[in-house]
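Just so you know, all these numbers are worked out from the coordinates, no wet-lab data involved. Keep in mind it's a predicted model, so treat the numbers as computed, not measured. No Cβ is skipped: glycine too gets one built from the backbone with ideal geometry, and neighbour counts run over all protein chains shown.
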Amino acid sequence: MTADSALDLDALRSRVARAVDDVRASAPLAPAITNAITMDFVANAQLAVGGSAAMVYLPEEAVALAQAGGAFYVNMGALLPTHRESIPAAARACRDLGRPWVLDPVGIGIGGLRGAVLDELAACGPAIVRANASEVIALAQAWGAADAVAGTGRVRGVDSADAVDDAARAAAALARRTDGAVAVSGEDDLVTDGRVAVRVAGGSPLMARVTGFGCSLGGVAAVYAAVADPLTAAVAASAHYAAAGTAAEARAAGPASFKVAFIDALFNLTAAEIAANPLTIEEVRS
Ligand SMILES: Nc1ncnc2c1ncn2[C@@H]1O[C@H](COP(=O)(O)OP(=O)(O)O)[C@@H](O)[C@H]1O
Ligand SMILES: Cc1ncsc1CCOP(=O)(O)O
Ligand SMILES: [Mg+2]
């Protein structure tokens with residue numbers, strides 16, 4: 001990117017710092033339908049960054065919270081029969097209200113219910129898709145956003161079988177399809193709106209040794225989506241996670257103490273420290 005381009009790195013860092021400050025000043029509510037395995041971590045991460053959390057299962061309650069929140073989070077990690085109704089209801093309510101919502105299609109490809117729900121979500125335009133590389137490739141294929149992609153898109157349970165770079169083309173195509181941002185997580189995260197791609201380095205390998213880092217990153221992305229545009233919000237969430245992961249690793253003896261130190265670091269890092277996390281930006285060649 002050139003110095004006078006619309007989105008250079010300094011401008012992006014400023015936007016990230018402002019998003020961090022705005023969240024801490026306004027405590028936006030980012031309600032969620034999310035899985036029971038990692039629900040506690042999602043809520044605590046949302047609170048630690050300065051947001052407000054509320055989780056529901058039922059369709060009527062999901063619509064009520066879509067109206068009440070600044071952005072909504074849908075995580076498909078472990079579906080129950082009620083999610084057949086509640087997830088599309090929440091997404092449709094957000095679309096009709098012009099409310100940003102974030103999708104984590106955890107475990108896409110397992111069984112038939114996830115596919116049926118995702119078919120309904122295709123018309124509801126998530127502001128941010130946040131997922132690991134295999135999930136991004138599989139969603140791009142499911143939503144007809146990518147005909148030729150690298151990688152397998154085969155999710156091994158809920159973990160990725162693909163590298164972040166293998167999902168780069170699918171992520172850009174998916175972002176253009178949703179007119180939003182797509183955040184691919186891994187050793188380095190890749191965030192794209194289909195025009196630019198931002199790489200977020202840092203973090204720790206211990207983040208892959210505790211369940212819920214991806215789910216809670218999605219919940220935090222929804223908090224940021226309440227105060228910032230989708231690309232800025234997704235970068236702010238990934239940069240906040242990477243900076244906190246780097247800080248927590250220095251204090252941790254293993255996965256359990258790492259999770260505790262990580263939530264403390266989410267809370268304690270300054271906006272300047274988060275915005276200073278290693279980032280690079282490049283134009284997407286389509
Ligand atoms: N090896 C790693 N090094 C640094 N950060 C990592 C690593 N693995 C995962 N992360 C971070 O952990 C978080 C969750 O990513 P990931 O494990 O890919 O998600 P998921 O749990 O959905 O598969 C992201 O913030 C990502 O950057
Ligand atoms: C283990 C597991 N099983 C179904 S959902 C889930 C949590 C996945 O969380 P994350 O993708 O954040 O590690
Ligand atoms: Mg995940």
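Given charges of +1 on the Cβ of Lys and Arg and -1 on the Cβ of Asp and Glu, with all other atoms neutral, how large is the dipole of the chain about its Cα centre, in debye to the nearest 20?
On the way: 21 positive and 30 negative charges, 56 e Å.
About 260 debye.
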Label points 7 Å out from Cα along the Cβ direction at ALA201 and SER286: separation in nm? 2.9 nm
For the chain, the helices passing both cut-offs (Cα extent along own axis of 27 Å or more, Kyte-Doolittle mean at least 0.0, full DSSP H runs) are 230-249
Please name whichever of VAL56, ALA131, VAL200 sits farthest to the positive end of the charge dipole of the chain, dipole taken about the Cα centre and charges placed at Cβ: Lys and Arg +1, Asp and Glu -1. VAL56
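Taking a quarter of the surface of the Cα convex hull of the range 9-283, what do you get in nm²?
Values: hull surface 48.2 nm².
If you wrap the Cα atoms of the range 9-283 in a convex hull and average its projections, you get 12.0 nm².
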Take the alpha-carbon centre of the range 69-92, take the same for the range 155-204, and report the distance between them in whole Å. 22 Å
Taking 7 Å along the Cα-to-C-beta vector as the label spot, tell me the GLU85-ARG209 distance in nanometres, rounded to one decimal. 4.4 nm
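Can you tell me the mean projection area, over all orientations, of the convex hull of the range 83-235's alpha carbons? Units nm², please.
Working: hull surface 32.7 nm².
So the mean shadow area of the Cα hull is 8.2 nm².
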Using the Kirkwood formula over every pair of different C-alpha atoms, what hydrodynamic radius in Å results for the range 39-89? 11.7 Å
If you take the beta carbon distance between ASP229 and ALA78 as r and set R0 to 25 Å, what does 1/(1 + (r/R0)^6) give as a FRET efficiency, to the nearest 0.05? 0.25
Quick one: which residues, 5+ away or cross-chain, put their amide H under 5 Å from the amide H of ARG130? H built at 1.01 Å from N. LEU103, ASP104, ALA183
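So for ASP193, ASP104, ASP264, fewest C-beta neighbours within 10 Å to most, what's the order?
Working: ASP193 24, ASP104 32, ASP264 15.
Arranged by neighbour count, lowest to highest, ASP193, ASP104, ASP264 become ASP264, ASP193, ASP104.
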